[in-house]
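Here the structure is laid out as structure tokens; the discussion comes afterwards.
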Amino acid sequence: MGLILVASVVSLSRAQFALTAMYHWLFVPLTLGLSFIIAIMESLYVKTGNEEWKRITKFWMTLFGINFAIGIATGIILEFEFGTNWSNYSWFVGDIFGAPLAIEGILAFFMESTFVAVMFFGWTKVSKGFHLLSTWLVFVGSNLSALWILVANAWMQNPVGMRFNPDTARNEMVNFWEMLSPVAINKFFHTLTSGYVLAAVFVCGISAWFLIRRREQFLAIKSITVACIFGLISSVLLAISGDSSARLIAHTQPMKLAAMEGVYHGNEGQSLMAIGILVKSEQKNLKNEYHVVKYRIEIPHLLSFLAFGKFNAFVPGVDDLIQGNHQYGLISAKEKIARGKTARNTLMRLYQARKSHDTATYNNLKEKFHERNFVDNQFRYFGYGFLNDTNSLIPNVPLVFYSFHIMVVLGFFFILLFLLLLLFIRKKSLEIHRFWLWISLWSMPLAYIASQSGWVVSEVGRQPWVVQDLMPAVAAISQIDASAVETTFILFAVLFTALLIAEFSIMIKQIRLGSKKEK
């Protein structure tokens, strides 16, 4: 019964955090990208002195403001959940995780909030140059804010720069700068550029609607031009950072890579799955629920090359990571769980020795946590000691697989869209290509689907870990009643949906009003 209640709290807490994060992520990418596009447009206004650019800037700034305000509300709730639902996690690594979040709040968010006021209300109160500087600082502040949040998230997926203190059973930071690891930097650029692409598609979609309705034609064509150039450059950088992400994941989270590509049995010279459909395996003797990829189009050897830089490199599959593969030095999940339990038992014996004032035993056990052999071969798998079932180490493979492929396919589609729109603008024929204007309009939800798919790959693909290899979700939750989480889940779902409807309604109203002529 107790285990059922714990499982229920874990599932509900996971669902609540996923709900909050996904709603929050509906607003953040547009803020990141639109702040950049607005700064570019205002720079064109200051450089050319053309009042039309000022009108264009103000129009997009209004939509930015609506999105910015509602995005903050969901973000604040997200941070509170670490204390309410994930208090064990906050205890275990709060000293480390809290540092980048504190910098985000004190430095980046403070800068963003200060200059956003000048950006909206300072047109007639400060000089052109200072107003432009404020707009750029809003962009810098919003992007710096994303940097520190993503550094914290990347640390959970690749914990570095810390050591375990057996006296307090907490991890403590020893080198802050190690948190700016290649995983963190790459995650920042990949997430940032994905937000830029979403914002570019958003601007193209709204502008296309104006052209379809034969309204605001100057604003629409100029906005599409800026957005397409911006989106095309961002898309190329997004693809480059995506390639780097896959290489880093291959080393730090091989199970996630296996799920992304639907690889159950690893091979040398592993093919890259371009397209495929997962179906349940008909083999009855398998312990886990395996899938096979059918109707597939694959590129031979490419996954091995992209992941490890060699066409014949071995890429482990789900089965290799669960059952182990001695040929390639992979120990089984069962062995990792046994080593994790040894590390946990050592810690529990240490606390029993301290409680009984057995100083000699206490000092001997404490010394173990400083021995390289114990740290590398036992404590490294500490988180596995909370698990009993090796199947719990396998994420939802179909969800990760399809999310990853949807994200990639849509990424290439947006590149094609930006190129075509730029071609039509160059030929001065954009208004007559109404089919592509409608495609641009309906690409807006696709941009959000691609963005959400990226987060699903990142967060579902790392399950069951809250902190990779050190703390699974089952050990991270607060000791609270499942009904409390259930109640707040429903409240948040209603509140976030109301906020989303409010944003949607206000945005549509503002878009229908169009830009305002300067008096």
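The values are calculated or read from the model by the stated rules, or taken from the named source; none is laboratory data. Model, not experiment: these values are computed from the prediction. Note: ideal-geometry Cβ built from the backbone for every residue, glycine included; neighbour counts use all protein chains shown. Just so you know, the surface numbers come from the protein's heavy atoms only, side chains and all, with ligands and any DNA or RNA stripped out. Shrake-Rupley method; radii C 1.70, N 1.55, O 1.52, S 1.80 Å.
Listed values, structure above:
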| read-out | value |
| --- | --- |
| Subset of the stretch 162-191 (residues that are under 14 Å from TRP91 (Cα atoms), polar (S, T, N, Q) and outside any strand (DSSP E or B)) | THR168 |
| PHE36 vs. criteria of a type in the set (Phe, Trp, Tyr) and buried (at least 20 other Cβ atoms within 10 Å of the Cβ) | yes |
| The stretch 431-447 residues that are in contact (Cβ under 8 Å) with a residue 40 or more places away in the chain and more than 15 Å from ILE415 (Cα to Cα), paired with ones that are part of a helix (DSSP H, G or I) and open to solvent by less than 60 Å² (accessible area, probe 1.4 Å) (beta carbon under 6 Å, 6 or more apart) | GLU431/LEU211; LEU437/ALA208; LEU437/LEU211; LEU437/ILE212; LEU441/GLY205; LEU441/ALA208; LEU441/TRP209 |
| Test for ILE4: is it surrounded by fewer than 20 Cβ atoms within 10 Å (Cβ to Cβ), part of a helix (DSSP H, G or I) and at pLDDT below 95 | yes |
| Condition check for VAL93: open to solvent by less than 40 Å² (accessible area, probe 1.4 Å), in a helix (DSSP H, G or I) and more than 25 Å from ILE185 (Cα to Cα) | no |
| Matching option when the condition is closer than 20 Å to PHE202 by Cβ and surrounded by fewer than 18 Cβ atoms within 10 Å (Cβ to Cβ), among LEU423, LEU430, LEU399, LEU419 | LEU419 |
| Residue match in the stretch 116-123 (condition: open to solvent by 20 Å² or more (accessible area, probe 1.4 Å), at pLDDT 90 or above and in a loop (DSSP other than H, G, I, E, B)) | yes |
| Close pairs from the stretch 369-396: first hydrophobic (A, V, I, L, M, F, W, C), partner assigned to a loop (DSSP other than H, G, I, E, B), Cβ under 6 Å, at least 6 apart | PHE369/PRO166; PHE382/LEU470 |
| Test: residue in the stretch 366-378 that is touching a Cys at 6+ places or on another chain (Cβ under 7 Å), open to solvent by less than 60 Å² (accessible area, probe 1.4 Å) and either over 30 Å from GLY195 (Cβ atoms) or at pLDDT 95 or above (or both) | no |
| Residue list for the stretch 47-71, filter: in a helix (DSSP H, G or I) and either touching a strand residue (DSSP E or B) at 6+ places or on another chain (Cβ under 7 Å) or open to solvent by 50 Å² or more (accessible area, probe 1.4 Å) (or both) | LYS47, THR48, GLU51, GLU52, LYS58, THR62, ALA69 |
| Condition broken by ILE96, with the remaining ones in (1) in contact with an Asp or Glu (Cβ under 9 Å, 6 or more places away or on another chain); (2) modelled with pLDDT of 90 or more satisfied | (2) |
| Some residue of the stretch 218-236 being among the aromatic types (Phe, Trp, Tyr), in contact with a helix residue (DSSP H, G or I) (Cβ under 9 Å, 6 or more places away or on another chain) and open to solvent by 50 Å² or more (accessible area, probe 1.4 Å) | yes |
| Only listed residue being without any contact (Cβ under 8 Å) to a residue 24 or more places away in the chain and touching a Lys or Arg at 6+ places or on another chain (Cβ under 6 Å), chosen from ILE240, ILE277, ILE233 | ILE277 |
| Residue under evaluation GLU289, criteria (1) modelled with pLDDT of 85 or more; (2) among the acidic types (Asp, Glu); (3) over 20 Å from ILE240 (Cβ atoms), criterion not met | (1) |
| Where a residue in the stretch 457-469 is closer than 17 Å to GLN16 by Cα and its partner, wherever it lies, is open to solvent by 40 Å² or more (accessible area, probe 1.4 Å) and part of a loop (DSSP other than H, G, I, E, B), with Cβ under 6 Å and at least six apart | VAL460/ASN396 |
| Every residue from the stretch 133-175 that is within 24 Å of the chain's Cα centre (by Cα), more than 29 Å from SER35 (Cα to Cα) and not polar (S, T, N, Q) | PRO159, VAL160, GLY161, MET162, MET173 |
| Checking LEU30 against (1) at pLDDT 90 or above; (2) over 16 Å from the mean Cα position of the chain (by Cα); (3) aliphatic (A, V, I, L, M), the condition it does not meet | (2) |
| In the stretch 124-133, the residues that are surrounded by fewer than 15 Cβ atoms within 10 Å (Cβ to Cβ) and touching a residue at least 40 places away in the same chain (Cβ under 8 Å) | LYS128, GLY129 |
| Matching residues, the stretch 140-193, being of a type in the set (Ser, Thr, Tyr) and surrounded by fewer than 22 Cβ atoms within 10 Å (Cβ to Cβ) | THR168, SER181 |
| Any hit, the stretch 306-326, residues being under 23 Å from ALA475 (Cα atoms) and open to solvent by 70 Å² or more (accessible area, probe 1.4 Å) | no |
| Filtered residue count, the stretch 237-250, keeping only those that are in contact with a Ser or Thr (Cβ under 7 Å, 6 or more places away or on another chain) and either open to solvent by 20 Å² or more (accessible area, probe 1.4 Å) or aliphatic (A, V, I, L, M) (or both) | 2 |
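Yes/no per residue for (1) open to solvent by less than 60 Å² (accessible area, probe 1.4 Å); (2) in a loop (DSSP other than H, G, I, E, B); (3) modelled with pLDDT under 95:
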{"residue": "ILE449", "(1), (2), (3)": "no, no, no"}
{"residue": "ASP469", "(1), (2), (3)": "yes, yes, yes"}
{"residue": "VAL485", "(1), (2), (3)": "yes, no, yes"}
{"residue": "THR488", "(1), (2), (3)": "yes, no, yes"}
{"residue": "LEU499", "(1), (2), (3)": "yes, no, yes"}
{"residue": "ILE506", "(1), (2), (3)": "no, no, yes"}
